[in-house]
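Visitor: A single structure is presented below for examination.
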Amino acid sequence: MHIQFAELPVSDQDRAKAFYTNNLACQVIADQPMDDSGWRWVELAFPHAVTNLHFISRADTLPSVDPVLVLIDDDVEARVGSLRAKGVEIVTEPLEAPWQPGRTVAEFRDSEGNRMMLASR
């Protein structure tokens, strides 16, 4: 069995959960109280993936400067168009990766300001 977790810093778990389920088709695996603080164990899964997301509490509301997650997509341009149509902030338009000719990359921000990268295979 191979399971990996990617932890994303968030300040609003409900907003982040809605972003990932509505925009990236993630499925909710768990949403359980953790303690008396009101913070929950929220775990989401990408369709057909072995990496799940878990939200960790962010110390402040400052967005990440660098990408915190790279998502591989067969059609980066189409995904960017879909995200844009849903009102997602596109940080960089699809372009060829300077470090890997032939690979298309683009960046967007999630509901919590985290910077994400989309990359072709």
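Visitor: Just to be sure I understand: of the beta bridges DSSP finds with both ends in the chain, what percent are antiparallel, rounded to 5?
Guide: On the way: 18 of 30 bridges.
In the chain, DSSP labels about 60 percent of beta bridges as antiparallel.
Visitor: With charges set only on the Cβ (+1 for Lys and Arg, -1 for Asp and Glu), what does the dipole of the chain come to about its Cα centre, in debye to the nearest 20? Intermediate values should be presented prior to the final figure.
Guide: Details: 11 positive and 19 negative charges, 41 e Å.
Approximately 200 debye in magnitude.
Visitor: For the residues L69, L95, L24, what sequence is obtained by ranking on other C-beta atoms within 10 Å, fewest first? If you can, show how the numbers build up before the last one.
Guide: Values: L69 16, L95 12, L24 20.
Fewest-to-most Cβ neighbours within 10 Å comes out as L95, L69, L24.
Visitor: How long are the semi-axes of the ellipsoid equivalent to the chain, from square roots of 5 times the Cα gyration tensor eigenvalues, in whole Å, largest first? Display every interim value, and only then the final one.
Guide: On the way: eigenvalues 132, 50, 34 Å².
They are 26, 16, 13 Å, listed from largest to smallest.
Visitor: Which trypsin sites (Lys or Arg not before Pro) in the stretch 1-100 pass both tests, a DSSP loop state and at most 15 other beta-carbon atoms within 10 Å?
Guide: Here the trypsin sites (Lys or Arg not before Pro) that fit, given the DSSP loop and packing criteria, are K86.
Visitor: Taking other Cβ within 10 Å of each residue's Cβ, how do S64, S82, S57 sort, fewest first?
Guide: S57, S82, S64
Visitor: Tell me which residues come under 5 Å, amide H to amide H, from D73 once H is placed; ignore anything under 5 positions away on its chain.
Guide: For D73, the qualifying residues are A119, S120, R121.
Visitor: Per-residue ellipticity at 222 nm for the chain, helices alone: DSSP H runs ≥ 4 residues times -39500 (n - 2.57), over residue total, nearest 500 deg cm²/dmol?
Guide: Using -39500 (n - 2.57) per qualifying helix, the result is -5500 deg cm²/dmol.
Visitor: Next question, about the same structure. Against the longest principal axis of the chain, how steep is helix 76-85, in degrees 0 to 90 to the nearest 10, with axes from Cα atoms?
Guide: 60
Visitor: For the stretch 24-34, what does the Karplus curve 6.51 cos²θ - 1.76 cosθ + 1.60, with θ = phi - 60°, yield as ³J(HN,Hα) per residue in whole Hz, taken in order and with x for Gly and Pro?
Guide: 10, 6, 5, 10, 7, 8, 8, 8, 10, x, 9
Since every read-out is calculated from the coordinates, none of them should be taken as a lab result. Because the structure is predicted, anything quoted here is derived from the model rather than measured. Quick reminder, even Gly has a Cβ in these numbers, built from the backbone with ideal geometry, and neighbours come from all protein chains shown.
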